[in-house]
Every structure is written in structure tokens, then in C-alpha cells.
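Chemist: Starting off with a structure, shown below.
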Amino acid sequence: MSALVASPTQGVEELDAVRALQRKLYRAAKADPGRRFHALFDKVHRRDVLGRAWEQVRANRGAAGIDRITIQAVERYGESLLLDELASELKEGRYRPLPARRVWIPKPDQSEKRPLSIPAVRDRIVQAALKIVIEPVFEADFRPSSFGFRPKKAAHDALQVLLDESFRGRRWVVETDIANCFSAIPHEQLMSVVEERVCDRKVLGLLRAMLRSGVLEDGAVRHEVTGTPQGGVVSPLLCNVYLNRLDRDWQTEGRGVLVRYADDLVVMCRSQSEAEGALAKLRSILDSLGLEPKEAKTRIVHLQVGGEGLDFLGFHHRLVRARGRTGARRFVFLARWPSRRALQHARDRIRELTARSRLLVPVEEIVGSVNRFLRGWAAYFRIGNSARHFDKISKYAVARVAIFVAKLHRRSVRYGWFVIRQTNRLGLVDLSGTVVAPRPNYAWRALVAERRR
């Protein structure tokens, strides 16, 4: 076997060693909340840690940075050679991150765009290695109110809290998100938070170098004094580390139940006055962190049957009365289904995959790409009261494929529908019957497991 290719056994052993390291760091941090870790850098450039970091970067694929080196180019060059070079550079203090490549991506249904920073592949590997080492230390401190970008946490864990708390009577909701959160976090304040747990000078120096590496935009490199660039591997962790101050302060001073997913958050309250106090407290804490809520998305919503709802994590949430027999008592619960924006995104993506510009692509590939999108989209939104909306998206997908077939054969749309009926929908997935309705005070993972049985 080539020296550049690791055996499956070696890969499993490395993964187990990395997991053992993370468990050890987590237990040590959990056992002593005041401990500051001073010997972490030697773990960042450990060969098994770098190997695990590379596997994560390769799995995420992603575009090239300013050096134009792609994942495929690294594979051709030899991943072991690159990892050995990175380990050597880190050990000898020669590693310097390159500026990230800045691109602007449109936000769904909005005219504004979101800045995305794309580090070089080699820098993404080092960031992933640093994240592997320091994440367990900070994970030990994170509060139950934080759900975004955390191991063994999912968006549906946050959504379950909304369902449970509304069932318990908290039906006044403060909803907001933090304005330009990733780009507004002050570097010095962030580093002071990191230093509460990490005192390894080389790790701190590496982190400062990453924050100060800058972005290349319009041919010029800009070095910011705020922000953790969106697109960086370690950025979501740093965002959580900084906003843990918000979670910590809320635990002792806040009103209502805070649910935070990265920079999106809601507070569940029992009364209007409690919600108003919660919003005032939220503004105060964010101001002390150098942040502020996005005014256009900040409001207080009263959840009531027949009233308005709110959008959170891609779902629209609204209080409804359960259907039942006439005269029977019907309980009230917080229902959720894909938001208008999520539905529009699904239609836009299906239309893009079945566009006239793809007529040279075989129909089987078109159907396969639509199926991959539908499965991924439905996997998220199926845990909700989404049956009616799934039916609409399924019908839309069938209609778009029928139109595609008609254009391909230069026939009428009626011909496309004839082909769909005669070929069992050409293999398009059917989303009917896939929805799992969530229940108050019942773990959503248990519901999914029940459905699988």
C-alpha cells in the first residue's frame, strides 16, 4: 500500500484517539470551571488531529481560497505530504494563514447580500484542528439555552423548547437576531473571553493570527478589528464562545426562557410585561458586548389561536386548536410548518434544477438531482405539521419535471404529464406520509425512532 494512503484500521485508530482526547479535555474542563488550559498547542499539530481535521474539510468540500488550491488538488498532491508540512510549520512557528477570499451571496428573498469568507484549504485544515482541540473546553461551559453549531445538538432541539414552553403557558415571545453578529464581534473582547479558559500562548497567538489574516476583496487585503469571518471553520465556535456571556448573564438576570441558535434567538414569556422586560434586558446585555439586535426583525408576538405567528429556524410557528369531534374538548398547541421563505426556496431550487438550460442533461440525472434536494429538504421539515405543504412541494416537483420532459421532446405539457403517469412519476420521490408531528414534552428523537420502527 502506498505511504500516502492510510489503511481503514489506521483511520479508525486515529479517530478513536482524537475522540479520547476530546473526552479527556471535556471532563477536565467540566470538573474545574475555573481551570485555564496551558498545554494545548502540541495537540493542535498532532498528526492524528490534523488527519481528522482534513477528513472534515474534505467531507465539506468547498471552494478554493486565494491560492486557488482545491480539495482535488490536495488529493492529487498527497494529503499526507500536506499534513506533514502543516505539522512542521506549526511546530516550528512558521505557519501563517493567508487572507480569506471574500464573496457575496444573496440572502433568500432579500435584496441585500451576505459576506462569505473562504479561507485556503490548508488554513481550513488548521482551523478544524484548532476547533477539535478547544471545542471540548468551551463546550463544558455552554448553557442549555444555546443550540447552534454544537455537537449532539440540533435545530429541532431548539424548536422543541418552543413547543414545550408554549404548552406550559409561555405565549408572549420576543423574537430577534443579532445585527451582523459574525462581523461585529470585537476581537479584543473575544480574546479576553477565550483567555478565561485558555492561557496557552501559542494557541492564543494562532487564534489572533486567524482573526487578523484579513480578507481579499477587489484586489486589496482588508484587516478588520472586529468579526469572525463567516465561512471560517472555527467561526461558529468563536461566535458561541462570545455569546456564552449572553447565555450566562441571562441565566442569572434574564426574564423568561431564552432559546438561542447562533445569532437567532427568541425568549418565551408568560405575560406582555415580562416580554417587554426581557427585550429591554436583552438590549442591555448585547450593548455591553458591543452588539445590537436587528431592529427590522425585533418584535414581541402574542401567540393566540387565530392570531399571528412567528418564523424561527425555517419554520412558521402558530398557535392552533387541535381538530376533534364536535363538542369534544380540543387542546391548543403550537404548530409549525415550513415558512413562506422556506417554501419559496424549495420552489426556486426545483425550478433551477429543471430549467431549460439543463435540457442536455439526461432526464435520469435531472430526476436524481431533484430527489436529492427533496430528501434533504424534507429530512429537516418533516418533523412538524407539514403534510399539506409537503403535498404542494411534491406536486410542484412533478409539474416541473413534466414541463422539462415536454420541452425536451418539443411537445406539449400534456405529453409531459402522460410520460409522468406512464412511468410512475419517473422515479420522483413522494413526500406524502413522511411527516412526523411533534408533541409537547415528548423528545423529537423518540418520535423519529418510533416512525422508523
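The values are calculated or read from the model by the stated rules, or taken from the named source; none is laboratory data. Small disclaimer: the values here were computed from a predicted structure and weren't measured. For neighbour counting, all protein chains shown are included, and Cβ atoms are generated from backbone atoms with ideal geometry for every residue, glycine included. Ligands, DNA and RNA are excluded from the accessible area calculation, which covers all protein heavy atoms including side chains. Shrake-Rupley method; radii C 1.70, N 1.55, O 1.52, S 1.80 Å.
Chemist: Mind checking which lysines have their Cα closer than 24 Å to the Cα of Lys202? Skip sequence neighbours fewer than 8 apart in that chain.
Modeler: Result set, ordered by chain and number: Lys24, Lys30, Lys43, Lys91, Lys131.
Chemist: Then there's this: To the nearest 500 deg cm²/dmol, what mean residue ellipticity at 222 nm is calculated for the chain from DSSP H runs of n ≥ 4 alone, each contributing -39,500 (n - 2.57), summed and divided by the residues?
Modeler: -16000 deg cm²/dmol
Chemist: Pulled fully out, how much extra length does the chain show between Glu253 and Arg411, if you take 0.36 nm times their separation in residues and subtract their Cα-Cα distance?
Modeler: Result for the pair: 50.2 nm of gain on full extension.
Chemist: Could you work out what % of the accessible surface of the chain is carbon and sulfur, using a 1.4 angstrom probe and leaving DNA, RNA and ligands out of the count?
Modeler: C and S fraction of accessible area: 50 percent.
Chemist: Which order do the peptides 189-196, 31-38 take when ranked by the mean count of other beta-carbon atoms within 10 Å per residue, highest first?
Modeler: Descending mean neighbour count gives 189-196, 31-38.
Chemist: Treating only the Cβ atoms of Lys and Arg (+1) and Asp and Glu (-1) as charged, compute the dipole magnitude of the chain about its Cα centre; round to the nearest 20 debye.
Modeler: That gives a dipole near 2260 debye.
Chemist: Using a basic spin-label model with each label point 7 Å from the Cα along Cα→Cβ, how many nm lie between Glu195 and Ser273?
Modeler: Those two pseudo-labels are separated by 4.4 nm.
Chemist: While we're here: Antiparallel DSSP bridges in the chain: what percent, to the nearest 5?
Modeler: Among the beta bridges of the chain, antiparallel pairing accounts for roughly 85 percent.
Chemist: Let me ask you something else. Straight-line reach from Lys392: which aspartates and glutamates fall under 14 Å, measuring Cα to Cα and dropping same-chain residues less than 8 apart?
Modeler: The qualifying aspartates and glutamates are Asp348, Asp430.
Chemist: Full extension from Val448 to Asp141: what is 0.36 nm times the residue separation minus their Cα-Cα distance, to one decimal in nm?
Modeler: Once the chain is fully extended between Val448 and Asp141, it gains 107.6 nm.
Chemist: 7 Å from Cα along Cα→Cβ at both Tyr396 and Val305: what's the point-to-point distance in nm?
Modeler: Spacing of the two 7 Å Cα→Cβ label points: 3.0 nm.
Chemist: So, one more: Under a straight-distance cross-link criterion of Cα-Cα below 20 Å, which lysines are reachable from Lys113, leaving out those fewer than 8 residues away in the same chain?
Modeler: Lys294, Lys297
Chemist: Which order do the peptides 243-253, 404-414 take when ranked by the mean count of other beta-carbon atoms within 10 Å per residue, highest first?
Modeler: Those peptides, ordered most packed to least, come out 243-253, 404-414.
Chemist: What accessible area, in Å² to the nearest ten, does a 1.4 Å probe give for Arg451?
Modeler: That residue has around 110 Å² of solvent-accessible surface.
Chemist: If packing is taken as the average count of other Cβ atoms within 10 Å, what order do 168-176, 365-373, 305-313 fall into, highest mean first?
Modeler: Ranked by mean Cβ neighbours within 10 Å, highest first: 168-176, 365-373, 305-313.
Chemist: Output the Kirkwood hydrodynamic radius of the stretch 144-248, Cα pairs only, in Å rounded to one decimal.
Modeler: 15.9
Chemist: May I ask you to compute the full-extension gain from Gln344 to Leu359, defined as 0.36 nm times their residue separation minus their alpha-carbon distance, rounded to one decimal in nm?
Modeler: In short, 3.1 nm is gained.
Chemist: While we're looking at this one, here's another question. Enter the accessible area per residue of the chain (Å², integer; probe 1.4 Å; all protein chains in place).
Modeler: It amounts to 51 Å² per residue over the chain.
Chemist: Provide the convex hull volume over Cα atoms per residue for the stretch 267-369, in Å³.
Modeler: Looking at the stretch 267-369, the number lands at 191 Å³ per residue.
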